[in-house]
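Here is the structure we will look at.
The values are calculated or read from the model by the stated rules, or taken from the named source; none is laboratory data. Computed from a prediction, not measured in an experiment: that's the story for all the values here. Glycine also receives a Cβ, built like all others from the backbone with ideal geometry; neighbour counts cover every protein chain displayed. Note: areas computed on protein heavy atoms with side chains; ligands, DNA, RNA excluded. Shrake-Rupley method; radii C 1.70, N 1.55, O 1.52, S 1.80 Å.
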Amino acid sequence: MTASLRPVKDPAIERHLGVLAASRDILPGAGQAWVRDLRSRAADALVRDGFPTTRIESWKYTDLRRVFRNEFAGQAQDIGALDISEWRAGDAGPVLVFIDGQFSDGLSSLDDLPAGARVMPLSAALAKGDSGIEGLLGSVAALESPGLTALNTALMQDGAFIRLDDDIELAEPVQVLCITSAGFSGETHLRHVVALGRHAKATIVQGHFAVGDSSGLCNVVTEAAVGEGASLHIVKRQEESRTAWHIGLVQARLARNASFETFTLSSGGRTARNEVRVQLAGEGGNTVLNGLALARDRQHCDNTTDVEHAMPQGTSHQLYKSVVDDNARSVFLGRILVAKDAQKTDARQMNRNLLLSSGAQADSKPELIIHADDVKCAHGATVGDLDEEALFYLMSRGIGADEARGLLVRAFAEEMIEAIPDEAIRDWLDAALVGWLEDGLQQEKAA
């Protein structure tokens, strides 16, 4: 008797394939053959590769099984009039607002853009068959990469489409605000697509906020093609409900002499992962990746980076910090790959972690893979607690213990925020840090 083996089906993947089958004709781009084909290829990749597990090195410390045990079933809600001023990084510049993954025309403002600049919802670009998006969507964020890119591509419901022609510079940041309503328990799959022509310049501010407690999943992918000599700066503030889940990927490809910078401040989510992948595909490319994780209670915050130096004369500098309290956990995985022909590469990577309690945990794994012989590369990591001498000094000057701790934590974290040149963005990020510190102080007083 011969036994036949049937492949084990993942219920979570089967569920998502069912969602795709039911919504294929109403998702953005349904009228475009190439979009339907892209979604089908993404579904095939999802079935073939499945969701990432801890056996994959880049997901070693972040287990998604708890995430996909949930059957996210909530629908987008109409929350009516909403004051978004507290979530904006200044009053100037175009704003795209998404509520539970759906574009809000009433809350958005896309006026006063210069000629040669296109900023619009992804759904609108796909609906009108914008020639600038075909061949770009799905060209940078690879379906085969371990993660949720395939799921995002199959079910992407909206996002921002930003394209600048050669030599176009945006004077003000483009703000993309993704807001979750109270009680929302569904999934949002947002896809942001950015393309900068030669010598173009832009700053993009991404904000993820919650009106109230929610338990949904936000799966957001940003893919950026940065042209020759162009400059792109992305700043992200992730402050969703602490009972929600957030998986974010920023993937960029840099042409010759292009520059790409990111800064991520993450303080929300039960589990939050912020991944940045950069390929320096042209000679002389430059990238700066910075991030700050603030975690308490039982939060899990993962910052993962992957930088590929494919061509000579490239530079990449990374600095990630985390402040971890209670029984929370932070993760940093950083990988730098220097190809054989990428001579004269300058790559640096540092991770610093501050633990505020005995139950806090920080995992750090910086990694260098170097195939060239004429390079300058370095990496490092530190884990420690508050400086007792500095704490004693402040208390000896009449400052209370809680206030002294707050001052030291703020000094550790704010060093990174102060390096951002735009004052409005600095204030926006500083507000998140101050709010996190004040929330912790209130919890200690209530205990």
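Accessible area per residue for segment 290-331 in Å², computed with a 1.4 Å probe and the full protein assembly in place, what is it? Write out the running numbers ahead of the final one.
Working: 1070 Å² over 42 residues.
Value returned for segment 290-331: 26 Å² of accessible area per residue.
Compute the distance in nm between two label points, each set 7 Å from the Cα along the Cα-to-Cβ direction, one at residue 37 and one at residue 71.
Each label point is offset 7 Å from its Cα along the Cβ direction, giving 3.6 nm.
Residues with beta-carbon under 13 Å from that of residue 355, excluding residue 355: net charge, scoring Lys, Arg +1 and Asp, Glu -1?
Residues close to residue 355 contribute a combined charge of 0.
Modelling each spin label as a point 7 Å along the Cα-to-Cβ direction, I'd like the residue 388/residue 358 distance in nm, to one decimal.
The modelled label-to-label distance comes out at 1.4 nm.
About the Cα centre, and with charges only on the beta carbon of Lys, Arg (+1) and Asp, Glu (-1), how big is the dipole of the chain? Nearest 20 debye, please.
On the way: 44 positive and 63 negative charges, 322 e Å.
The calculated dipole for the chain is roughly 1540 debye.
How many Å² of accessible area per residue for segment 27-144, probe 1.4 Å? Mind dumping the intermediate values first?
Numbers: 6050 Å² over 118 residues.
It amounts to 51 Å² per residue over segment 27-144.
For residue 373 and residue 44, compute 0.36 nm times the residue count separating them, minus their Cα-Cα distance, and round to one decimal in nm.
Working: separation 329, 0.36 × 329 = 118.44 nm, distance 3.99 nm.
Going from the current span to full extension adds 114.4 nm.
Springs between alpha-carbon atoms under 10 Å, Gaussian network over the chain: tell me which of 433, 122, 113 tops the mean-square fluctuations.
Of 433, 122, 113, the most mobile in the Gaussian network model is 113.
Between 283, 403, 71, which gets the highest mean-square fluctuation from a Gaussian network model of the chain, Cα cutoff 10 Å?
Greatest mean-square fluctuation among the candidates belongs to 403.
Pull up the DSSP beta bridges for the chain and report the antiparallel fraction as a percent, rounded to 5.
Values: 8 of 141 bridges.
Percentage antiparallel, nearest 5: 5.
Suppose only helical runs count, i.e. DSSP H with n ≥ 4. What mean residue ellipticity at 222 nm does that imply for the chain under -39500 (n - 2.57) per run, divided by all residues and rounded to the nearest 500 deg cm²/dmol?
Helix contribution divided over all residues of the chain: -7000 deg cm²/dmol.
What length, rounded to one decimal in nm, is gained on full extension from residue 24 through to residue 144, with 0.36 nm per residue of separation minus their alpha-carbon distance?
Numbers: separation 120, 0.36 × 120 = 43.20 nm, distance 2.15 nm.
Value of the extension gain: 41.1 nm.
Please pull out the direction-averaged projected area of segment 260-328, using the convex hull of its alpha-carbon atoms, in nm² to one decimal place. Provide the component values of the computation, followed by the final result.
Values: hull surface 16.9 nm².
Over every viewing direction, the Cα hull of segment 260-328 projects on average to 4.2 nm².
Report the local net charge at residue 275: Lys and Arg +1, Asp and Glu -1, summed over other residues whose C-beta lies under 9 Å from its C-beta.
Values: positive: 273, 277; negative: 302, 306.
That works out to 0.
What are the radius of gyration and Dmax of segment 200-264, computed over its Cα atoms and given in Å?
Reported Rg and Dmax, both Å: 14.3, 45.
Where the centroid of each part is defined by its Cα atoms, how far is segment 14-41 from segment 345-361 in Å?
Cα centroid of segment 14-41 versus Cα centroid of segment 345-361: 41 Å apart.
For segment 319-447, what D do you get in µm² per second when you plug the Kirkwood radius from alpha-carbon pairs into Stokes-Einstein at 37 °C and 0.692 mPa s?
193
Quick one: what does P(r) look like for segment 76-141 with 10 Å bins over all Cα pairs, in whole %?
Percent of pairs per bin, in order: 16, 43, 33, 9.
Apply the a/c threshold of 1.5 to the C-alpha gyration tensor of segment 150-222 and tell me whether it is rounded, prolate or oblate.
Oblate shape, in that a/c is at least 1.5 and b/c is the bigger or equal ratio.
Highest mean first, what order results for 336-345, 51-60 on Cβ atoms within 10 Å? Could you put the intermediate results ahead of the total?
Numbers: 336-345: 18.5, 51-60: 15.3.
Top to bottom by mean Cβ count within 10 Å: 336-345, 51-60.
Using only alpha carbon pairs under 8 Å that are at least six residues apart, calculate the relative contact order of the chain and give it in whole percent.
For the chain, the relative contact order is 9 percent.
For segment 86-197, what number results from the quotient of the Cα radius of gyration and 2.2 N^0.38 Å?
Working: Rg = 14.6 Å, N = 112, 2.2 N^0.38 = 13.2 Å.
In units of the globular-protein estimate, segment 86-197 measures up at 1.10.
Looking at 176, 114, 358, which one has the Cα that reaches farthest to the positive end of the dipole of the chain (charges on Cβ: Lys, Arg +1; Asp, Glu -1)?
358
Too long at a 28 Å Cα-Cα cut-off: which of 236/344; 344/365; 321/445; 201/340; 60/445? Please list the in-between numbers first.
Working: 236/344 31 Å; 344/365 25 Å; 321/445 26 Å; 201/340 30 Å; 60/445 36 Å.
The pairs that break the limit, which is 28 Å between Cα atoms, are 236/344; 201/340; 60/445.
Cα-based Rg (one decimal) and Dmax (whole number) for segment 239-299, in Å?
14.5, 45
Taking 10 °C and 1.306 mPa s as the conditions, I'd like the Stokes-Einstein D for the chain in µm²/s, using the Kirkwood hydrodynamic radius from alpha carbon pairs. Could the numbers behind the result be given before it?
On the way: Rh = 22.6 Å.
Estimated diffusion coefficient is 70 µm²/s.
Size of the dipole of segment 295-447 about the Cα centre, Lys and Arg at +1 and Asp and Glu at -1 on the beta carbon, nothing else charged, in debye to 20? Spell out each step's value before the answer.
On the way: 16 positive and 28 negative charges, 77 e Å.
That gives segment 295-447 a dipole magnitude of about 380 debye.
Compute the FRET efficiency between residue 9 and residue 298 as 1/(1 + (r/R0)^6), taking r as their Cβ-Cβ distance and R0 = 41 Å, and round to the nearest 0.05. List each step's numbers first, then the result.
Working: r = 31 Å, r/R0 = 0.76.
It comes out at approximately 0.85.
Please tell me the relative contact order of segment 21-161 in percent, rounded to the nearest whole number, where contacts are Cα pairs under 8 Å and at least six residues apart. It would help to have the intermediate numbers written out before the result.
Values: 136 pairs, mean separation 50.9, N = 141.
Value for segment 21-161: 36 percent.
Give me the percent of the accessible area of the chain that comes from carbon and sulfur atoms, probe 1.4 Å, all protein chains in place. List each step's numbers first, then the result.
Numbers: 9060 of 19200 Å².
Carbon-and-sulfur percentage of accessible area, whole number: 47.
Identify which of 416, 395, 311 has the largest mean-square fluctuation in a Gaussian network model of the chain, with springs joining Cα atoms closer than 10 Å.
For the chain, modelled as a Gaussian network with Cα springs under 10 Å, the answer is 395.
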